[in-house]
Amino acid sequence: MSEQEKLDKLKQELRRGALVLAVLLQLRQEHYGYSLRKALIDAGIEIEESTLYPLIRRLETQGLLNSEWREEAKRKKRFYRISDMGQTILQQLVKEWQSMNQSIEQISTTLD
Amino acid sequence: MKLVENYLGEVASQLPQTDKEDIIAELGSIIEAKMDDITERSGTEPNETQVASILKEMGHPNKVAAQYGAQQYLIGPSLFHPYKKVLKLTVFAVVTIQLLVVLSSTIFTDVVRISAIGLLFHLASAALYTGFWVTVAFATMEYSGEKLDWFDKWEPLLLSNAKRIAATRENAISNVITDAVVFIWWNNWFGRDHDMPFTPNDFPVMATGVYDIVYWPINVLLITSLAFYTWQIVQCYWTKLRLQVAIIIDIVSVIVMGYMIQAGDLFALKVTDENAAIILDKVNFSVSVVLAVIIGFVLYDMYGHLKNWRKLAS
């Protein structure tokens with residue numbers, strides 16, 4: 001495995017944990033699957049479609065998202081938005097993320 | 001479009017029945033939205049190559065369907081290494097016993113009853129049969145391991161406790177599988193009936209007095225050993241008491257099997273028939289060879305127990 005491949009693999013692992021956070025943050029605004037992916041890409045978060053769509057379904061099953069089928073531009077689409085429970089959990093996840101960020105910053109400054 | 005229909009059909013065929021329709025409707029709507037995007041940009045409907053490229057982005061049907069379900073495997077990473085070890089060990093043991101039986105009976109009776117290719121198939125089927133049961137045992141353990149939280153309940157302090165010594169789960173599993181196979185063989189194939197199951201095939205065989213004497217001791221021994229090593233799979237450590245039990249089981253096994261070998265034939269003919277007598281000699285001899293090989297394995301097992309005993313004593 002080349003150095004670049006190793007780096008890509010580690011980056012992928014690092015991003016995997018952050019995906020749920022990114023999706024929940026993005027879904028404070030209503031989206032359907034494809035528009036959510038485009039919004040995430042615009043924000044700099046690449047995610048495979050085969051990962052994203054099942055992920056939002058799982059989050060919905062867990063009660064973190066609400067969804068409804070609606071017609072838009074003569075096409076039926078399933079729209080998702082964060083639920084009340086999702087909002088509460090999101091706040092805690094954001095805190096966790098910030099605290100982790102801080103810790104990493106601290107470690108990296110100490111070792112520099 | 002046929003391409004999209006076929007793609008969704010492929011995904012649907014691998015989805016659980018409960019959410020199938022909903023998932024397919026959602027995937028269909030996403031594909032439509034992507035096609036609309038192309039139409040908006042180019043002013044024409046997407047051609048087949050463009051649709052194929054959309055489907056490529058969506059992912060392989062198997063991969064997409066798999067992401068919608070829970071991760072599934074027969075034997076997970078925490079058991080895979082011991083599974084490989086036990087599989088190698090048991091397949092090697094079974095194939096060796098089979099090979100020794102065939103070779104020894106051919107050498108000692110001067111009758112070749114199986115061709116080289118036949119022997120290969122015979123050994124391959126024995127290996128497959130063993131592999132199947134080892135896999136079933138580990139798959140069961142994988143499933144029950146999750147239920148019983150074996151891996152969460154383990155006690156690290158046991159590793160440093162002088163009165164206990166860590167045992168390998170592979171050893172316990174090998175013993176359970178071997179005991180189970182011998183138990184089935186002893187009770188099913190031979191049966192308790194003196195007339196023996198060969199009678200319908202006009203092979204008039206009956207069990208001798210030796211068989212009567214050892215039938216129950218062997219069953220008791222096998223059941224004790226099965227229960228003991230099943231418990232060892234869960235506990236996974238040795239104490240002096242447990243090593244004593246294991247060594248006693250080994251010694252009694254060697255005595256019983258040694259008695260069977262020296263006491264003479266397990267089976268006898270009900271009538272006088274020269275051809276049947278030749279075959280019966282071969283059967284009795286093969287049983288003795290199998291017993292001798294099993295004694296070898298038991299002694300090797302006992303050697304391991306004695307080594308652990310010495311570690312605990314020091």
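The values are calculated or read from the model by the stated rules, or taken from the named source; none is laboratory data. These figures come from a predicted structure and were not determined experimentally. Because the Cβ atoms are built from the backbone with ideal geometry, glycine has one as well, and the counts that use them run over all protein chains shown.
Kindly list, by first and then second residue, each pair from a residue in the stretch A:77-89 that is in contact (Cβ under 8 Å) with a residue 40 or more places away in the chain and within 28 Å of B:Ile24 (Cβ to Cβ) to a residue that is hydrophobic (A, V, I, L, M, F, W, C) and surrounded by fewer than 18 Cβ atoms within 10 Å (Cβ to Cβ), limited to pairs with Cβ atoms under 6 Å and residues at least 6 apart or on different chains. Taking only residues 6 or more apart or on different chains, the pairs are A:Arg78/A:Trp69. Within the option set B:Ala12, B:Ala93, being small (Gly, Ala, Ser), more than 14 Å from every other protein chain (Cβ to nearest Cβ) and either closer than 30 Å to B:Val293 by Cα or more than 38 Å from the chain's Cα centre (by Cα) (or both) holds for one residue only, B:Ala93.
For every residue, the table says whether it meets (1) more than 14 Å from every other protein chain (Cβ to nearest Cβ); (2) touching a strand residue (DSSP E or B) at 6+ places or on another chain (Cβ under 6 Å); (3) buried (at least 16 other Cβ atoms within 10 Å of the Cβ); (4) not in a loop (DSSP other than H, G, I, E, B).
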site: B:Asp22; (1), (2), (3), (4): no, no, no, yes
site: B:Met35; (1), (2), (3), (4): no, no, yes, yes
site: B:Thr39; (1), (2), (3), (4): no, no, no, yes
site: B:Glu57; (1), (2), (3), (4): no, no, no, yes
site: B:Asn62; (1), (2), (3), (4): no, no, no, yes
site: B:Tyr73; (1), (2), (3), (4): yes, no, no, no
site: B:His81; (1), (2), (3), (4): yes, no, no, yes
site: B:Lys84; (1), (2), (3), (4): yes, no, no, yes
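Of all the residues in the stretch B:41-55, those that are in contact with a Leu (Cβ under 9 Å, 6 or more places away or on another chain), away from chain A (no Cβ under 11 Å) and buried (at least 17 other Cβ atoms within 10 Å of the Cβ) number 1.
Consider A:Arg70 carefully, then state whether it is in contact with a strand residue (DSSP E or B) (Cβ under 9 Å, 6 or more places away or on another chain), within 23 Å of B:Gly69 (Cβ to Cβ), within 14 Å of another protein chain (Cβ to nearest Cβ) and not in a helix (DSSP H, G or I). So A:Arg70 does not fit the description; no. Of the set (1) modelled with pLDDT under 85; (2) of a type in the set (A, V, I, L, M, F, W, C); (3) over 27 Å from the mean Cα position of the chain (by Cα); (4) surrounded by fewer than 17 Cβ atoms within 10 Å (Cβ to Cβ), all apply to B:Trp231 but (3).
For beta carbons closer than 6 Å, sequence separation of 6+ or different chains, a first residue in the stretch A:30-58 that is more than 9 Å from chain B (Cβ to nearest Cβ) and among the aliphatic types (A, V, I, L, M) and a second that is part of a loop (DSSP other than H, G, I, E, B) and buried (at least 16 other Cβ atoms within 10 Å of the Cβ), the qualifying pairs are A:Leu40/A:Ile47.
When you scan the stretch B:242-263, do you find a residue that is at pLDDT below 85 and in a helix (DSSP H, G or I), even just one? Yes; the residues of the stretch B:242-263 include at least one that is at pLDDT below 85 and in a helix (DSSP H, G or I).
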